[in-house]
1. Positive end of the dipole of the range 2-162, charges at C-beta (+1 Lys, Arg; -1 Asp, Glu), about the Cα centre: which of THR118, ILE136, TYR47 has its Cα farthest in that direction?
2. From the residues LEU68, ALA103, LEU58, which one has its Cα farthest along the dipole of the chain in the positive direction, the dipole being from +1 and -1 charges on Cβ of Lys/Arg and Asp/Glu about the Cα centre?
3. To the nearest 10 degrees, how steeply does helix 2-39 sit against the main Cα axis of the chain, on a 0 to 90 scale?
4. Provide the per-residue ³J(HN,Hα) series for the range 76-91, in order, calculated from phi with Karplus coefficients 6.51, -1.76, 1.60 and θ = phi - 60°, each as a whole number of Hz, with x at glycine and proline positions.
5. Which residue, THR132, THR91, THR118, has the most motion in a Gaussian network model of the chain that connects Cα atoms within less than 10 Å?
6. Mean-square fluctuation check for the chain, GNM, Cα pairs under 10 Å: which of ALA64, ALA81, ALA130 is largest?
7. Taking 7 Å along the Cα-to-C-beta vector as the label spot, tell me the CYS96-ALA42 distance in nanometres, rounded to one decimal.
8. Can you compute the charge dipole magnitude of the chain about its Cα centre, using +1 on each Lys and Arg Cβ and -1 on each Asp and Glu Cβ, nothing else charged? Give it in debye, rounded to the nearest 20.
Amino acid sequence: MARTLERLRRAFERLLELIVIFLMVVLAAEVTLGTAYRTFGAPLVWYDEVASVLLAWLTYYGSALAALKRAHIGFPGLVAALPPAMRLPLTLLGECLVIGFFALLAWVGWQVLGVLATDTLVTLPEVSVAYTQSVIPIGAGLYILAELFNLPRVLREARGLAARDSGEGALELTH
């Protein structure tokens, strides 16, 4: 079970990495293209609007990747400094609050998509604002998935167990 979960986690990480790299390349190309056109006196009317959407998408997908890698802002030293009896309950509370916040964000984001269903981008009227804003519930769902993939490790660490490499490629749990 643990190996299957780890394989799924790695596949999810690769997927997020590919999405983030793709968004970065598209954003860089769009900014370069927009700058070149502006330099030659023929600015693209849709440049700013599309760049802001791409940046928002990059932010949401990138934050899910950061959460999966446990690279977001956190205070692991604070939890580690707590008495052992308090570590697990406070870790569980923290994880519940984070997952609860992103579940609420996903739900509200989904509700907002209904309100935006008839709106379109100003400079590209064929593109629905609901499509561009779908990143909110999708990104929140991806963040929740990232947190759930990390939950077993976070709980092990809260209980004072740490994964240690045995030197043969296998991980052992130690106190």
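Just so you know, all these numbers are worked out from the coordinates, no wet-lab data involved. Owing to the predicted nature of the structure, the values given are computational and were not obtained by experimental measurement. We place every Cβ from the backbone using ideal geometry, glycine too, and count neighbours over all the protein chains shown.
1. In the range 2-162, that residue is ILE136.
2. Of LEU68, ALA103, LEU58, it is LEU68.
3. Tilt of helix 2-39: around 30 degrees.
4. With the stated coefficients, the range 76-91 comes to x, x, 5, 5, 5, 7, 6, x, x, 5, 9, 4, 5, x, 6, 5 Hz.
5. Highest fluctuation among the options: THR118.
6. ALA81
7. Rounded to a tenth, the inter-label distance reads 6.1 nm.
8. Magnitude of the dipole: close to 620 debye.
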